[in-house]
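Worksheet: the structure to be examined is printed underneath.
The values are calculated or read from the model by the stated rules, or taken from the named source; none is laboratory data. Just so you know, these numbers come straight off a predicted model, no measurement behind them. A quick note on method: Cβ atoms are made from the backbone with ideal geometry, for glycine too, and the neighbour counts reach across all protein chains shown. Note: areas computed on protein heavy atoms with side chains; ligands, DNA, RNA excluded. Shrake-Rupley method; radii C 1.70, N 1.55, O 1.52, S 1.80 Å.
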Amino acid sequence: MSCFRYRALAEDGRRMRGELDADDLVELEHRLRAQGLLLLTARPRRATPLRTARIPRRELITFCFHLEQLLEAGVPPFESLTALRDAVTEPRLQRMIAALLTDVERGRPLSDAAARQPQAFSPVAVSLLRAGETAGRLPMAVRDIGATLAQEEALAAHARRISLYPAIVAGILLLAIVVALTQVVPEVEKLLRSSGQSLPLQTRLLVGVSQAVRDWGGAMLLVLACALAIGAHALARSETLRIRTHALRMRLPLIGAILHKLALARFAALVATLYAAGINIIDALRASEDVTGNLAVREGLRAARHGIEQGQSMSAAFEAAQVFPSLVTRMLRLGEHTGALDQALDKVASLYQRDVAEGIARLQAAAEPALTILMGGLLLWIASAVLGPIYDIITRLPV
């Protein structure tokens with residue numbers, strides 16, 4: 001599919017300019033006609049990174065909600081998409097809906113049309129649409145897609161909350177220390193040395209650190225950048241190293257358990273949705289491997305899937321993978337016995353989502369005072385190392 005820059009004539013006589021994706025000029029003309037435009041001229045244009053950007057998840061959630069409501073009311077897919085195209089204001093979403101309209105107008109099922117829009121519909125969403133079309137439950141399939149996107153957005157928000165506050169406080173603390181060491185301490189050092197008095201140990205330490213930062217700060221930053229680049233290159237070239245790194249994340253103190261439960265919640269929620277939509281468990285597990293956000297959990301899912309393909313029960317395969325807690329295997333065993341595997345996985349997802357939310361709340365409650373105390377302690381040490389000798393100088397001045 002290529003990107004075309006076109007000029008077209010609107011129904012009211014206005015000349016329009018824009019860009020649109022199409023396989024060729026014939027398809028471009030069809031897509032513009034679906035938007036009420038008459039193609040005048042067009043020429044291919046090289047794609048840019050902006051054009052490959054994915055549609056925001058929140059926009060897709062809103063789109064799925066409105067599409068599900070229209071389909072549930074009995075409006076055919078083509079008319080539903082037409083109404084949504086005229087209602088949305090996000091340019092990327094408008095282009096996506098216009099492409100869907102063209103494909104549906106040509107007789108393609110909605111699932112096939114969605115498969116041609118990977119920037120908006122993941123393979124999981126396409127599978128749900130195809131299952132909904134086969135079972136005659138397209139509105140519920142769209143609802144499941146919206147629910148899946150909403151769960152992903154909630155879990156992504158939890159993941160962002162883990163690092164946002166510590167990153168802000170650490171950035172402010174680092175900036176304050178660098179300013180103090182490079183601007184304040186050198187001036188105070190000149191004053192203290194001109195007085196001729198001996199400096200206390202903590203002041204000498206502070207002056208030494210300040211001197212090292214001024215003399216070797218650039219070299220230290222260069223070494224740090226090189227180390228990060230080497231580490232990133234090693235991770236990019238070695239999947240085994242990436243898997244071990246992700247496994248190590250789950251064993252970190254304080255946040256390791258939260259990251260593990262976050263990955264398990266993503267997996268359980270998605271598999272429950274796919275299985276309830278009529279997709280077999282093997283395909284559901286295969287689709288969920290890349291959404292966990294943790295390569296160690298992904299490898300555990302692959303191992304469990306291979307075990308199920310070889311004839312093991314689902315609970316036994318997950319237990320043999322040695323990545324999933326006993327709660328997961330117990331709920332899977334219960335789901336196998338009762339025939340309600342989707343409900344069991346949905347309960348697992350709900351439980352872990354609640355645990356993640358509570359864990360993040362506890363971590364933030366503990367991190368805020370801890371980081372404040374750390375920042376205050378470092379700044380207090382710098383202040384005492386600077387102000388102590390100055391106070392001695394002032395007390396020795398003749399009255």
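Points worth noting:
- Identity of the residue in segment 106-118, under 17 Å from L84 (Cβ atoms) and not small (G, A, S), that ends up surrounded by the fewest Cβ atoms within 10 Å (Cβ to Cβ): Q117
- When restricted to residues that are in contact (Cβ under 8 Å) with a residue 60 or more places away in the chain and either loosely packed, with under 13 Cβ neighbours inside 10 Å or among the charged types (D, E, K, R) (or both), segment 367-389 contains 2.
- Every listed requirement among (1) on the phi > 0 side of the Ramachandran plot; (2) under 24 Å from the mean Cα position of the chain (by Cα); (3) not acidic (D, E) is met by G136 save one, (2).
Rundown of residues vs (1) among the acidic types (D, E); (2) surrounded by 19 or more Cβ atoms within 10 Å (Cβ to Cβ); (3) at pLDDT 90 or above, yes/no style:
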| position | (1), (2), (3) |
| --- | --- |
| A219 | no, no, no |
| L222 | no, no, yes |
| I230 | no, no, yes |
| A236 | no, no, no |
| V271 | no, yes, no |
| G278 | no, no, no |
| I282 | no, no, no |
| A287 | no, yes, no |
| G311 | no, no, no |
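- Any hit, segment 196-211, residues being at positive phi and at pLDDT below 85: yes
- Filter pass, D103 being without any contact (Cβ under 8 Å) to a residue 24 or more places away in the chain and either polar (S, T, N, Q) or open to solvent by less than 70 Å² (accessible area, probe 1.4 Å) (or both): yes
- Helices (runs of 4 or more DSSP H) wholly inside segment 59-160 that include at least 1 residues being among the β-branched types (V, I, T) and within 30 Å of L28 (Cβ to Cβ): 77-87, 91-105, 123-135
- Looking only at segment 141-171, and only at residues there that are of a type in the set (A, V, I, L, M, F, W, C), surrounded by fewer than 15 Cβ atoms within 10 Å (Cβ to Cβ) and under 17 Å from L254 (Cβ atoms), the one that is farthest from the chain's Cα centre (by Cα): A170
- All positions within segment 9-24 that are free of Cβ contacts under 8 Å to residues at least 24 places away in the same chain, open to solvent by less than 90 Å² (accessible area, probe 1.4 Å) and over 17 Å from R116 (Cβ atoms): G13, M16, G18
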